[in-house]
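Computed from the coordinates by the stated procedures, all read-outs in this text should not be read as laboratory data. Values in this document were obtained by computation on a predicted structure and should not be read as measured data. Virtual Cβ from ideal backbone geometry, glycine too; neighbours counted across all protein chains shown.
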Amino acid sequence: MEKSSRIYVAGHRGLVGSAILRALERAGYENLVLRTHAELELVDRAAVREFCEREKPEYVFLAAARVGGILANDKYPADFIRENLEIQTNIIDASYRSGVKRLLFLGSSCIYPKLAPQPIKEEYLLTGPLESTNRAYALAKIAGIEMCWSYNKQYGTKYLAVMPTNLYGPYDNFDLNGSHVLPALLRKTIEAKAAGEKKIIVWGTGRPRREFLYSDDLADACLHLLELPEEKYDGLLRVDEPPLLNIGSGVDLTIRELAQLIARVVELDCELVFDASMQDGTPQKLLDVSRMCALGWKPQVSLEEGIRRTKSFFQSQFRSVLRESV
């Protein structure tokens, strides 16, 4: 990409999109095409097509999606599959029609089988049953990978799909009922400290293992990929396999260990109470990130440091919530 290239970041206000935007701005890219949800409804096919034809982006980061934690996925499966299929279909097709040079589609590690061998390699896709609680979302993301692959094969496009591990960071969703495990636990712990409480309720048994990646590390990986020289980038787009790359930290820990780490960062000496009536989800999701690391990228932010940064963001953005909790 040239510094003057027209680059569209779909979902630039979310956790992933905002991190990609920060990475692009740090790198000196100056021709960024951005639209809020109010300005462009991504589930409207005609509106997306008209936008791409008018703005002619050369590169697209497809970070827009409906996302949520285990409870939200389990409660609203129809919304998750419908909206994600509509968003990604509209953007991928409109990108092809308007001549986009490269597109990066962001998925999720939940695309892999529930009981996949660990660490999870890219070739494990579609080799076993999915986790039931987020099956609808996972199938939408799998369809996005297949769509990128199909457009590459039929139309000669250069669309790449990346599957990040569990992400966290600034502009995450901190809603206690709809968010992922790390932001939910972080908010619970911060609010418990503010209220003088000494007990944290953790959903599930605490035994599942999860891998986490700070959002700015993911953004650097995405930028690294779209900046690859032609020969290296094209080498990722093989006809005989999905154009798929895992992105993660390569390290996991149990939910119990995560809750203990968050309590230490927040400086709260508390009792952890595990609510086994809540579902655990997949036992382990550790990605094999050897292919991505072989391209010259590696994460820079440790989990503890990332939690500290996310804690500072939450406290700066949600002061009124913290006051109400006291």
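Compute the normalised compactness of region 74-192: alpha-carbon radius of gyration over 2.2 N^0.38 Å, N being the residue count. Mind dumping the intermediate values first?
On the way: Rg = 16.2 Å, N = 119, 2.2 N^0.38 = 13.5 Å.
In units of the 2.2 N^0.38 Å rule of thumb, it is 1.20.
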Practice prompt. Measure of size requested: the Rg and Dmax of region 169-326, with Cα atoms as the atom set and Å as the unit; please supply both.
Written response: 18.2, 58
Worksheet item: Could you list, bin by bin from short to long, the percent of Cα-Cα pairs of region 31-100 in 5 Å steps?
Response: 3, 16, 26, 24, 14, 9, 6, 2
Worksheet item: Direction-averaged shadow area of the convex hull around the Cα atoms of the chain, nm²?
Response: 15.9
Worksheet item: Considering the alpha-carbon set of region 1-143 alone, what are its Rg and its Dmax in angstrom?
Response: 16.1, 46
Worksheet entry | Two-decimal log10 I(q)/I(0) for region 149-202, as the Debye equation yields it once each C-alpha is a single scatterer, q = 0.14, 0.24, 0.31 Å⁻¹ | -0.54, -0.92, -1.18
Item to complete: Report, in debye and to the nearest 20, how large the dipole of region 11-105 comes out about its Cα centre when Lys and Arg carry +1 and Asp and Glu carry -1 on their Cβ.
Response: 220
Worksheet item: ³J(HN,Hα) across region 215-228 via Karplus (A = 6.51, B = -1.76, C = 1.60, θ = phi - 60°), whole Hz, x for Gly/Pro?
Response: 4, 5, 5, 4, 4, 4, 5, 5, 5, 4, 5, 6, 8, 4
Worksheet item: Which whole-number percent of Cα pairs in region 237-307 have a distance greater than 18 Å?
Response: 59
Response to the item:
quick note, the chain, DSSP beta bridge pairs, % antiparallel (nearest 5) is 10
Worksheet item: Helix 181-195 sits at what angle to the longest principal axis of the chain, using alpha carbons and giving 0 to 90 degrees rounded to 10?
Response: 40
Worksheet, complete the sentence: Tilt, helix 255-266 to longest principal axis of the chain (alpha-carbon atoms), in degrees rounded to tens, equals 80
Item to complete: Kindly identify region 214-271 as rounded, prolate or oblate by the Cα gyration tensor criterion: order the square roots of the eigenvalues as a ≥ b ≥ c, call it rounded if a/c is under 1.5, otherwise compare a/b with b/c, prolate if a/b is larger, else oblate.
Response: prolate
Fill in: For Phe274, residues with placed amide H under 5 Å, excluding near neighbours
Val202
Worksheet item: Once both axes come from the Cα atoms, what is the angle between helix 77-98 and the longest principal axis of the chain, in degrees from 0 to 90, rounded to 10?
Response: 30
